[in-house]
Amino acid sequence: MAGFFSILRRFYLTAYNWIVFAGWQVPSIVLGFENSKGIRVTNFSYTASNKFKIVFGVGVLYSFPEVQTHPLISSLVISWCITEIVRYSFFGTKEAFGSTPYWLLWLRYSTFLVLYPTGIASEIAMIYNALPFMKESGLYSVRMPNKWNFSFDYYYCALVVLAVYVPGIPHLYGYMLGQRKKTLMKPKKE
């Protein structure tokens, strides 16, 4: 019976990873198509994420139209798409076949060197640019008094998120560098 659940788990994880991989292909393909037609990439980025209901920073990009044409949306979408396409193809291949080709392993543990800084910088910039609109609109905030006797301010929550990025980025980047070293820099067997 344990063998059946192991096979079921592997099938589920393989299917899940390839379905998510395919989902990340949609904005990538549309980006390439619309960019080849000379359409401004910033217009594409939000339009595609909205068209396909892909969760591109829903709390900021979807909610605050004032930042939807910011030039950094392009680097955000491109960084996320490439990162997720590599990640899910890596895990899908690993689940399906038990291992991955070296080139995919290398991509998984090398593309973050560029994509994490560009993606994270874009995320920070988009949150920062949306702050005045968050404060002015009060969107997603819960004010007192109310029947739950609870208060929440989305603006201050966004400030906390920005503050968490400061210690979080070096930690995440250091972790990935360690994983890269452990995975790609293994001593060769003689």
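For the range 1-43, the candidate set comprises residues that are over 19 Å from the mean Cα position of the chain (by Cα) and crowded, with 17+ Cβ neighbours inside 10 Å; within that set, the residue that is modelled with the highest pLDDT is 14. Would you confirm whether or not the range 83-92 contains a residue that is free of Cβ contacts under 8 Å to residues at least 12 places away in the same chain, of a type in the set (Lys, Arg) and part of a helix (DSSP H, G or I)? No, the range 83-92 contains no residue that is free of Cβ contacts under 8 Å to residues at least 12 places away in the same chain, of a type in the set (Lys, Arg) and part of a helix (DSSP H, G or I).
Exactly one residue out of 142, 161 is over 25 Å from the mean Cα position of the chain (by Cα) and β-branched (Val, Ile, Thr): that is 142.
Scanning the range 117-150 for residues that are polar (S, T, N, Q) and either surrounded by 14 or more Cβ atoms within 10 Å (Cβ to Cβ) or modelled with pLDDT of 95 or more (or both) returns 118, 122, 129, 137, 141.
Quick one: is residue 114 among the β-branched types (Val, Ile, Thr), modelled with pLDDT of 85 or more and surrounded by fewer than 16 Cβ atoms within 10 Å (Cβ to Cβ)? The answer is yes for residue 114. Checking each residue in the range 52-78 for being at pLDDT 85 or above and aromatic (Phe, Trp, Tyr) picks out only 64. Each residue in the range 114-145 was checked for being of a type outside the set (Lys, Arg) and not in a helix (DSSP H, G or I), and 7 pass. Taken over the range 117-155, residues that are without any contact (Cβ under 8 Å) to a residue 60 or more places away in the chain and at positive phi amount to 2.
The values are calculated or read from the model by the stated rules, or taken from the named source; none is laboratory data. It should be emphasised that the depicted structure is a prediction, and the values quoted were computed from it without experimental measurement. Cβ coordinates were reconstructed from backbone atoms using ideal geometry, including for glycine residues, and neighbour counts include every protein chain displayed.
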